[in-house]
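Chemist: Input: one structure, supplied below.
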Amino acid sequence: MLSQPATFTDPGPAFARLKADVQAERTTLQAEFQRTADGARVLREHRRLVDRVLKDMWSRLRLPAPLALLAVGGYGRGELYPHSDIDVLVLLPEAPSASLTATIEELIGRLWDTGLELSHSVRTVAECVEEAAKDVTVMTSLLEGRLLAGNRALFARFDRARRECLDRQGFFKAKRLEQEQRHTKFQDSPYSLEPNLKEAPGGLRDLQVILWIGRACGLGNSWAQLAQRGLITAEEARQAHRHYKLLQDLRVRLHYAAARREDRLLFDYQESLARGLGYSATAHRRAGEQLMQAYFRTAKAVTQLNTILLQNLGTQIFPVRNSDTQTITERFRRVGELLDTCAPDLFEREPPAILESFLIMQRHPELKGMTAQTLRGLWRARERIGAAFRRDPRNRATFLALLQQPRGIVHELRRMNQYGILGRYLPAFRRIVGQMQHDLFHVYTVDQHILTVVRNLRRFTMLEFAHEYPLCSRLIAGLERHWVLYIAAIFHDIAKGRGGDHSQLGRLEARRFCRAHGLLPEDAKLVEFLVEHHLTMSSVAQKQDLSDPEVVRRFAARVGTERRLVALYLLTVADIRGTSPKVWNAWKGKLLEDLFRATQHLLKGGKIEADQYIQSKQDEAKRLLRLYGLSDTVQDPLWRHLDVPYFLRHDPQEIAWHTRLLHYRSDADEPLVKARLSPAGEGLQIMICVPDHIVDAKIYTTRHGYALDTFQVMDLGSVAHSRDVISQIEKELADWLVKQAPLPPPVRGRVSRRVKHFPIAPEVRIVPDEKGQYHSLSITAGDRPGLLYAIALVLSRYGVNLQTAKIVTLGERAEDVFVVSGAALANPKTVLQLETDLLEALQP
């Protein structure tokens, strides 16, 4: 219990005891929660504890009688989480004097000294009204204000003022806009692998906003009151209460697990939270995965309730005139800007109307959504979608029509997924709804990733986004029946989580769909090909040497036709962009485009002969050199030292850049380091020319014994910052090369959270090539700063030379392939020891 008030002759010991009491009671509350798992009780008792401390402090400091102390925000609502800020308002009848300001500052300081993390404001009633009128967040916080201590008459005046200044319609519009902006911040999806359970779609805020609007508009302060007004059914009220309690309990557990304010369900806490809730790992699923799937189900239900209730509240606040109703078909009508069913039981009586409703949404751009009656009807009728429904030719034709509309494809697929329709129509899709992906580069569940890929493909067709990926926009405009790409996107990852090759299993699912829906044979074969090979183009572009004509020939033989090539390129770009905002970059885009253009050239009847290929590069490089006013023979001193591999591996821009820098100093002893903004559009390109005595990530050795290396460096921030570091890189690298001093040991870079919780077992494989001249070194490991440096030191220790390197980073996963040579590789025992040492260097 709290200590009794003390006199202020020696306040230090009194406040020390008060702080100890607060900490002791908080510890007791945590222990009680571990025993009872009652989150609501924690919030209630924590609020009461803080209430007592604040009232006690107000009394101790003898604040003037005209003042009042209010709890606002979540604290005012009575929900005080273990590590949340404590929102308070010191309410004044008029502007404070200097002495009163000092007293208030002492109050706030003393409260902080007791261990309470305050978020405070000091305002008059007039200032509260003024701020609330400008900021709906302030209005919302004041809406939940309650008196803790001080002048009751002043609080009554405040209460009257906040009710009088409240504009019901304005508040509704502002809260709905605020929610839209909040959802946009989280990509409009509750299905992030590390969701914010407070702010993300489907989180606590989506339920709280309903109660705020209900209270502000006098429609109800609780779920039960909203049900009494007919805004929500009794069953929906029970669901809302149950989901709110679940999210409350989970947030309390999260605060305790993190020992700080934390609202994100980070990988760091998912397993421990799952075990605390009684989940246990199975042969195929972690406990954390089971918890997250349960969370996603809750978030999905919350977004449904949020949508339905916002519709109903909006109807109450903005009544629709009878004149604003129009018949669309015999089954559907428009009510205001919403689609409504002409009969409440339409979907139960006529199941084909289920898919038809989404088609009508696409064909009528004036519709902004569906009425609550329609949404409820869809949710209740979803179980009518069974085998017979899926066999019905009418429904099959409607589903294909949904994919062929000029607008609304992604919106309606997402709406269908939200209300369980998509998973019912495509049972294979239902299996991956809410399924986690722990591959270190996907940041969404499988179903959300699939719909994001469809969205990316859709954007290629829209003029307003043509500037993003001009080549993709141009290609899809010329692709016959481009809508089949959406089918391939839906099925490309649909078999994940089953075990086995998801590309092959997905191909079988796609085949069944195409046959059942009567696609043209050529389109069905294209969809099968795309699903089976959706990873192929990315793998070839990022892991193989595109300067090798044989690589392009093999890829062209696998693709077969230009239509397949175009479709695979578009799907690959959309797929990579749909994994995570961090995975796609301009360098990967260039690799894919280079492979696409080379393959397209071959499929159109062109040839990729090494001599012809090199000659075309040299001619283009000479043309670029002439633009700088250089003579037609300026390249001769350097090029006589370069052989076929150099010209195959470098593009004309790089060749011209090297020539401009080296034509007059091809035999110089001093190292030359130069950097420039990458032509790919992101990061820097760094060139190093030095007598060949070092090991590097990518290397070319000239005929006269010089290493001529080019590095692509990403993630350097803004262009302005990149320009700033160019001179620093050039100077410091050149200094290191001149010194030829032993390099320091690699720094063990910080391992990311994802690698920490989903580690990759390092793999090393060394095999000789067909001619026995070189060896291929393949490495897979979790990425971290200093990884390549650690590999280079090991290779240097064994006297292994690098000929070429293919460095690939997929999110947090590094997959690198090196072509190496050296006497040590001739001895099997030495090779085995080299592999062992590399594995040790790769350990996180």
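Chemist: If each residue of separation counts as 0.36 nm, what is the full-extension length gain between Leu463 and Glu194 once their alpha-carbon separation is subtracted?
Modeler: This chain segment gains 93.5 nm when fully extended.
Chemist: Same structure, new question: What number, rounded to the nearest 500 deg cm²/dmol, is the helix-based mean residue ellipticity at 222 nm of the chain, given -39500 (n - 2.57) per DSSP H run of at least four residues and division by all its residues?
Modeler: The helix-only estimate for the chain comes to -17000 deg cm²/dmol at 222 nm.
Chemist: Let me ask you something else. Work out, in µm²/s and without decimals, the Stokes-Einstein translational diffusion coefficient of the range 466-536 at 4 °C, 1.567 mPa s, Rh from Kirkwood over C-alpha pairs.
Modeler: Answer, rounded: 101 µm²/s.
Chemist: What Rg and what Dmax come out for the chain when only alpha-carbon atoms are used, in angstroms?
Modeler: 32.8, 97
Chemist: While we're looking at this one, here's another question. Please compute the length gained on full extension between Ala24 and Thr282, using 0.36 nm multiplied by the number of residues separating them and subtracting their Cα-Cα distance.
Modeler: Here the answer is 89.0 nm.
Chemist: Please give the net charge around Leu254, taking every other residue with its beta carbon less than 12 angstrom from that of Leu254, where Lys and Arg add +1 and Asp and Glu add -1.
Modeler: Around Leu254, the surrounding residues sum to +1.
Chemist: If you don't mind, there's one more thing I want to ask. With everything on Cα atoms, drop me the angle between helix 98-113 and the longest principal axis of the chain, reported from 0 to 90° to the nearest 10.
Modeler: It works out to around 70 degrees.
Chemist: If packing is taken as the mean number of other Cβ atoms within 10 Å per residue, what is the order of 93-104, 812-823, 342-353, highest first?
Modeler: 812-823, 342-353, 93-104
Chemist: For the pair Ser796/Gln187, report the inter-label distance in nm, with labels modelled 7 Å from Cα in the Cβ direction.
Modeler: So the two model labels end up 3.9 nm from each other.
Chemist: Test of the criteria: in the range 95-192, which GluC sites (Glu not before Pro) are in a DSSP loop and have at most 14 other Cβ atoms within 10 angstrom of their Cβ?
Modeler: Hits after loop and neighbour filter: Glu117.
Chemist: First measure r as the distance between the Cβ atoms of Ser59 and Ser222, then evaluate 1/(1 + (r/R0)^6) with R0 = 35 Å and state the FRET efficiency to the nearest 0.05.
Modeler: Efficiency for this residue pair is about 0.60.
Chemist: Provide the solvent-accessible area of Arg110, counting protein heavy atoms only and rolling a 1.4 Å probe, rounded to the nearest 10 Å².
Modeler: My reading of the accessible area for Arg110 is about 60 Å².
Chemist: Moving on to the next point. Given R₀ = 41 Å, what would the calculated FRET efficiency be for Asp611 paired with Ala477, taking r from the Cβ atoms and rounding to 0.05?
Modeler: In this case the efficiency is close to 0.70.
Chemist: May I pose another question? List, in the order given, every pair from Lys496/Lys543; Lys731/Lys806; Lys245/Lys756; Lys496/Lys806; Lys198/Lys245; Lys198/Lys300 whose Cα-Cα distance in the structure shown is over 20 Å.
Modeler: Violating the 20 Å limit, Cα to Cα: Lys496/Lys543; Lys731/Lys806; Lys245/Lys756; Lys496/Lys806.
Chemist: Packing-wise, with mean Cβ within 10 Å as the measure, how do 532-538, 621-627 rank, highest first?
Modeler: 532-538, 621-627
Chemist: Given charges of +1 on the Cβ of Lys and Arg and -1 on the Cβ of Asp and Glu, with all other atoms neutral, how large is the dipole of the range 571-638 about its Cα centre, in debye to the nearest 20?
Modeler: So the dipole magnitude of the range 571-638 works out to roughly 340 debye.
Chemist: Step through the residues of the range 815-821 one at a time and calculate ³J(HN,Hα) from phi using the Karplus curve (6.51 cos²θ - 1.76 cosθ + 1.60, θ = phi - 60°), rounding each to whole Hz and writing x for Gly and Pro.
Modeler: Karplus values, whole Hz, x for Gly and Pro: 10, 10, 10, 10, 9, 10, 8.
Chemist: In addition: Using a 1.4 angstrom probe, figure out how much accessible area the chain has per residue, in square angstrom, rounded to the nearest whole.
Modeler: Per residue, the chain has an accessible area of 45 Å².
Chemist: May I ask for the angle, rounded to the nearest 10°, between helix 787-797 and the longest principal axis of the chain, with both axes built from Cα atoms and the value confined to 0 to 90°?
Modeler: The angle comes out at about 30 degrees.
Chemist: Okay, next question. How far is helix 652-662 tilted off the main Cα axis of the chain, in degrees rounded to 10, range 0 to 90?
Modeler: 70 degrees
Chemist: So between Ala586 and Glu732, what do we pick up on full extension, going 0.36 nm a residue minus the alpha carbon distance?
Modeler: Full-extension gain reported as 49.9 nm.
Chemist: Treat each spin label as a single point 7 Å out from the Cα along the C-beta direction, and report the Ala387 to Ser272 distance in nm.
Modeler: Taking the simple label geometry, Ala387 and Ser272 are separated by 4.9 nm.
Chemist: Another one. May I ask for the net charge around Gln304, where only other residues with Cβ less than 13 Å from the Cβ of Gln304 are counted and Lys, Arg are +1 while Asp, Glu are -1?
Modeler: My count for the surroundings of Gln304 gives +4.
Chemist: Lys617: which aspartates and glutamates have alpha carbons under 20 Å from its alpha carbon, excluding same-chain residues fewer than 8 sequence positions away?
Modeler: Cross-link targets: Asp545, Asp548, Glu550, Glu593, Asp594, Glu609, Asp632, Asp636, Asp643, Asp651, Glu654, Asp709.
Chemist: Let me ask something else about it. Count the DSSP beta bridges whose two residues both fall in the chain, then state the antiparallel fraction as a percent rounded to the nearest 5.
Modeler: Percentage antiparallel, nearest 5: 85.
Chemist: Once you have a ≥ b ≥ c as the square roots of the Cα gyration tensor eigenvalues for the range 263-331, tell me rounded if a/c is under 1.5, and otherwise prolate or oblate according to whether a/b is larger than b/c.
Modeler: Prolate, since a/c reaches 1.5 and a/b exceeds b/c.
Chemist: Then there is this: Which FRET efficiency value, to the nearest 0.05, is calculated for Arg363 and Glu840 with the Förster distance at 45 angstrom and r the Cβ-Cβ distance?
Modeler: Efficiency computed from Cβ-Cβ geometry: 0.10.
Chemist: Using amide H atoms built 1.01 Å from N in the peptide plane, name the residues 5+ places from Tyr706, or on other chains, whose amide H lies under 5 Å from its own.
Modeler: Answer set, sorted by chain and number: Asp692.
Chemist: Give me the percent relative contact order of the chain, please, defined on Cα pairs under 8 angstrom at least 6 residues apart.
Modeler: Taking the mean separation of contacting Cα pairs over the length of the chain, I get 6 percent.
Chemist: Under a 1.4 angstrom probe, counting protein chains only, how are Trp483, Trp379, Trp112 ranked by accessible area, largest first?
Modeler: Trp112, Trp379, Trp483
Chemist: Using a 7 Å offset from the Cα along the Cα-to-Cβ direction at both Arg157 and Leu832, what is the distance between the two label points in nm, to one decimal?
Modeler: A separation of 9.0 nm, rounded to one decimal place.
Chemist: How much of the accessible area of the chain, probe 1.4 Å, is carbon plus sulfur, in whole percent?
Modeler: On the chain, the fraction of accessible area on carbon and sulfur atoms equals 51 percent.
Chemist: Between the range 765-798 and the range 596-673, how far is it from one alpha carbon centroid to the other, in angstrom?
Modeler: Each part reduced to its Cα centre gives a spacing of 28 Å.
The values are calculated or read from the model by the stated rules, or taken from the named source; none is laboratory data. None of these values were measured; they are calculated from a predicted model. Please note: Cβ atoms are built from the backbone with ideal geometry, for glycine as well, and neighbour counts cover all protein chains shown. Calculation scope for accessible area: heavy atoms of the full protein, side chains included, ligands and nucleic acids excluded. Shrake-Rupley method; radii C 1.70, N 1.55, O 1.52, S 1.80 Å.
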